[in-house]
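Working notes, beginning with the structure itself.
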Amino acid sequence: MTHATSETATAIMRANDRGGYTVPTAGLYPYQWNWDSAFAALGFAAFDRDRAWRELETIFEGQWADGMAPHIIFRNHDPSYFPGPDIWGSNTEPPSSGHSQPPVVAIVARWLVETGDREDLRRAHALFPKLMAWHGWWHRERDPGETGLVAIIHPWESGRDNCPDWDAGMDRITIPDDLGAYHRRDTDWVAADQRPTHETYDRYLTMVKFGRECGWDHKRIYRDGPFLMADPCVQFVLMRADRDLAVLAERFEDDAARRTIADWIARDIEGAQALWNDAAGGFVAREMRTGALVDAITNASMLAFFGGAGTRAQQAELADQARQILDLCRFGFPSWDPRRPGFEQRRYWRGPVWSVMNWMIAGGLDGAGHADLAARIRHDTRALVRQSGFFEYFDPLTGDGLGGPDFTWTAAIDLALEHEFGTAAAA
Ligand code: GLC
């Protein structure tokens, strides 16, 4: 059985390969997505390390002059996706979206180096300045006050599009009269009850309109934009990626980079504390303009272990919450706490399970001494695929496969788990 799924996973990755980059799934997502490609590289490493590096390298073909690596690179015109390059209006070459996505690349690059040889070191070295520029962009543009808390300007930037985490920020958005009519394409491919609602989409496009109209001036968007929240996923992925970048800087004996990264990490640790919510028993999202904390645990909360955030007591509390939530689900880890209002077992990031989050959560739990929880989450991740196939996401109560089929990152993570590709414990 394992052998059969691994052949299918490899075939899916090959079928989604567009030559140097993969699409997440044909039809629904026909372009290159940033963190999808980072996870795809992990899958390629199971059978073609050169291709793994290509996937990471092509992410930076879209890097902006200010260091930002955009969340989508529009490499060819494909009318089956909305919103396309004309709506983003970022005027870059290649065309791209106007904001970023969780910076997973350094994590995978470090892992490739540590499991590889001199060729891996060489490719990581070539990528290193680009990674430094991207991490620097996050710390500069998304934390101008140097508090250590990094913000996002659109829920899409979190990679967890319609999680109830964003409801507080979304509620503050007024939809302008001149937003214009548009035709969503996602619901041509996937049932509407598994996708964000129309009201949610209007707000997404309001944020894109603001960015486009100010020429994607990120200082201005941070200050005056319609949406500004802090995300435990971005915060902890960046924190982990900073730690992994520090390990690479050490390997390259780059003292200047080491000092810069050490400052970033000290700030990451400090900033994470602004996401702790005692009542929820975990790290949660925060609305930046009011300071209000969300009151529920998500799969992003569980990335604290991966980032190496929190005190011993906070981590113990979080592990306890993880156990309680897992006991309520047939398959973990759900994207929203099932004990809270707003849980929808089939709707995208409002309940379903996502393989990539599970891979990071399990890696963090292992490093923090919770091997039992890590094993349970890894087991569930593979069991979902065996039961339902390589879907985009899964129902935590039934295991049904949801969203797009033959999904690159689900295939990549299945391969990574089969080959026991973990990550080293947080430095
Ligand atoms: C959805 C997901 C996002 C992912 C993209 C492509 O927008 O929420 O995380 O990167 O699809 O798979």
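The values are calculated or read from the model by the stated rules, or taken from the named source; none is laboratory data. Because the structure is predicted, anything quoted here is derived from the model rather than measured. Reconstructed Cβ throughout: ideal geometry from the backbone, glycine too, with neighbour counts over all protein chains shown. Calculation scope for accessible area: heavy atoms of the full protein, side chains included, ligands and nucleic acids excluded. Shrake-Rupley method; radii C 1.70, N 1.55, O 1.52, S 1.80 Å.
Could you pull the accessible area for T92 with a 1.4 Å probe, rounded to 10 Å²?
40 Å²
Against the 2.2 N^0.38 Å scaling, with N counting residues, where does segment 162-245 land? I'd like the Cα-based Rg ratio to two decimal places.
So segment 162-245 has a normalised radius of gyration of 1.30.
If we count every other residue with Cβ under 10 angstrom of G159's Cβ, Lys/Arg +1 and Asp/Glu -1, where does the sum land?
-3
Would you list R18, R49 from the most to the least accessible area, probe 1.4 Å?
Ranked from most to least accessible, the order is R18, R49.
Would you mind getting me the FRET efficiency between E146 and D193? Use the beta-carbon distance for r and R0 = 45 Å, nearest 0.05.
That pair, E146 with D193, gives E of 0.55.
For segment 19-169, go through all pairs of different Cα atoms, get the mean of 1/r, take its inverse, and jot down that Kirkwood value in Å.
It is 16.2 Å.
Using only Cα atoms, what is the ratio of the radius of gyration of the chain to 2.2 N^0.38 Å?
Computed over Cα atoms of the chain, the ratio equals 0.89.
Under the rule of -39500 (n - 2.57) per DSSP H run of 4 or more residues, summed and divided by the residues of the chain, what mean residue ellipticity at 222 nm is obtained, to the nearest 500 deg cm²/dmol?
One gets -15000 deg cm²/dmol as the mean residue ellipticity at 222 nm.
In segment 210-302, carbon and sulfur make up what percent of the accessible area (probe 1.4 Å)?
On segment 210-302, the fraction of accessible area on carbon and sulfur atoms equals 44 percent.
Put a dot 7 Å past each Cα toward the Cβ at R258 and T115; how far apart are the dots in nm?
Those two pseudo-labels are separated by 2.7 nm.
So the label point goes 7 Å from the Cα of L179 along Cα→C-beta, right? Which residues of segment 63-89 then have their backbone N under 20 Å from it?
81-89
Would you give the gap between the C-alpha center of segment 6-46 and the C-alpha center of segment 136-215, rounded to a whole Å?
25 Å
Need one value: the accessible area of S80 in square angstrom, 1.4 angstrom probe, rounded to the nearest 10.
About 20 Å², rounded to the nearest 10.
Among W88, S388, I73, whose Cα sits farthest toward the positive end of the charge dipole of the chain (+1 at Cβ of Lys/Arg, -1 at Cβ of Asp/Glu, about the Cα centre)?
The listed residue farthest towards the positive side: S388.
Using the basic label-point model (7 angstrom from Cα toward the beta carbon), what is the E93 to A274 distance in nanometres?
3.9 nm
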